[in-house]
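The values are calculated or read from the model by the stated rules, or taken from the named source; none is laboratory data. Keep in mind that this is a model prediction, so the values were computed, not measured. No Cβ is skipped: glycine too gets one built from the backbone with ideal geometry, and neighbour counts run over all protein chains shown.
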Amino acid sequence: MPTDAIDRGRRRLLGAAAMTLAAAPSGLPRPARAQAAAAPGGEAAFAPLRQVEAGPLSIGYAEAGPPAGPPVILLHGWPYDIHTYAEAAPLLAAAGYRVIVPYLRGYGTTRFLSEATPRNGQQAALATDILALMDALGIRQAILGGCDWGARTACILAALWPERCRALVSVSGYLIGSPAANRAPLPPRAELAWWYQFYFSTERGEAGYAKNRREFARLIWQLASPRWAFDDATFDRSARAFDNPDHVAIVIHNYRWRIGLAAGEPRYDAAEARLAEAPAIRVPTITLEGDANGAPHPEPAAYAGRFTGRYAHRTIAGGIGHNLPQEAPRDFAQAVTDVAAA
């Protein structure tokens, strides 16, 4: 597997550990059920979903693997869903991990317990949801993996609550931000890549997303992963998650909050103040990037210094786009097993 080392000095510290960047080990099993789950658009990837009350939510989640196995929590982004891990999760389950894949607030079967709860999409709210999920499931510490919104959420947990995060796999690296930092203008080409954030900042954009959310999501999939030849069944399987009654409100608030156009909740002010300082992540970490990521993303060299524990970066070749865990599930699963062994 082609990889790219960001910090050769740190790489040497890994010695014989599984985080070596020279080539991916071939230690993952190839179980029959994992291969069956890899069928495009297949529905057999996850057992029937579970629900658990956690914080302000009833969270829907998939679980696979032995209940006593080391916990791994995998977090999806926008506009994706738990099927980002439809192929990676069975691989990890077969390797002995207890794999939990929750729907974020505003997706799938996750629901607010009260109509009075603000439909808040700010980063600290999503991270606190996962802490509440861990508490509800009796998980003291887990390996965290994520992509897009999920990578940001996993990074926040690793940065603010490192005692709850055994290790981290983050697609596109360090994604913690703040409205204050996001007020700084970007170069024109970079601003162009965020076109949908500007669209969502308008009432017309909110109405357009509510009316055309599936068409919108398909377009983002195509732009963010230009070489990913997903089929209609694969897309439709995930698109059902966007029928959640709170989906539009959460998405719109998330993007407006990022640039200071929507207020957050006071209960998260302390966490957001810490996040605005761009805290270092000290837990063992592997960051991943696809060689054909068409979505806005930082260059690996820009964030390597934010990871101050054992760290490695891998660039996955072969036309891999933004939704890396679904496009390259074996590479993603290997990164989880490798960082767990560090």
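Residue count for region 239-260 satisfying the condition of being in contact with a helix residue (DSSP H, G or I) (Cβ under 6 Å, 6 or more places away or on another chain), aliphatic (A, V, I, L, M) and buried (at least 19 other Cβ atoms within 10 Å of the Cβ): 3.
Within region 41-57, residues that are small (G, A, S) have Cβ atoms under 7 Å from residues that are modelled with pLDDT under 95 in these pairs: A44/A36; A44/A37; A45/A37, counting only partners at least 6 apart in sequence or on another chain. Tell me which helices (runs of 4 or more DSSP H) are completely within region 1-109 and hold 1 or more residues being out of contact with any Ser or Thr (no Cβ under 7 Å at 6 or more places or on another chain) and modelled with pLDDT of 90 or more, or say none if there are none. Because the criterion is at least 1 residues that are out of contact with any Ser or Thr (no Cβ under 7 Å at 6 or more places or on another chain) and modelled with pLDDT of 90 or more, the helices (runs of 4 or more DSSP H) in region 1-109 that meet it are 88-94. Could you please let me know if P118 is over 23 Å from V336 (Cβ atoms) and either in a strand (DSSP E or B) or free of Cβ contacts under 8 Å to residues at least 60 places away in the same chain (or both)? Taking the combined requirement at face value, the residue does not satisfy it.
Restricting attention to region 155-185, which residues are in a strand (DSSP E or B) and within 22 Å of Q326 (Cα to Cα)? So that I can check it myself, show each step before the final result.
Of all residues in region 155-185, those in a strand (DSSP E or B) come to 165-171.
Residues satisfying the conditions are A167, L168, V169, S170, V171.
Filtering region 77-109 to residues that are small (G, A, S) and within 17 Å of the chain's Cα centre (by Cα) leaves G77, A86, A88, A89, G106, G108.
Restricting attention to region 285-329, the residues that are crowded, with 18+ Cβ neighbours inside 10 Å and either part of a helix (DSSP H, G or I) or β-branched (V, I, T) (or both) total 15.
Exactly one residue out of R152, R218 is basic (K, R), under 16 Å from the mean Cα position of the chain (by Cα) and not in a strand (DSSP E or B): that is R152.
Tell me, please, whether a residue that is touching a Phe, Trp or Tyr at 6+ places or on another chain (Cβ under 9 Å), of a type in the set (V, I, T) and surrounded by 15 or more Cβ atoms within 10 Å (Cβ to Cβ) can be found in region 228-238. No, region 228-238 has no match at all. The set of residues in region 131-149 that are under 8 Å from the mean Cα position of the chain (by Cα) and in a strand (DSSP E or B) comprises G145, G146.
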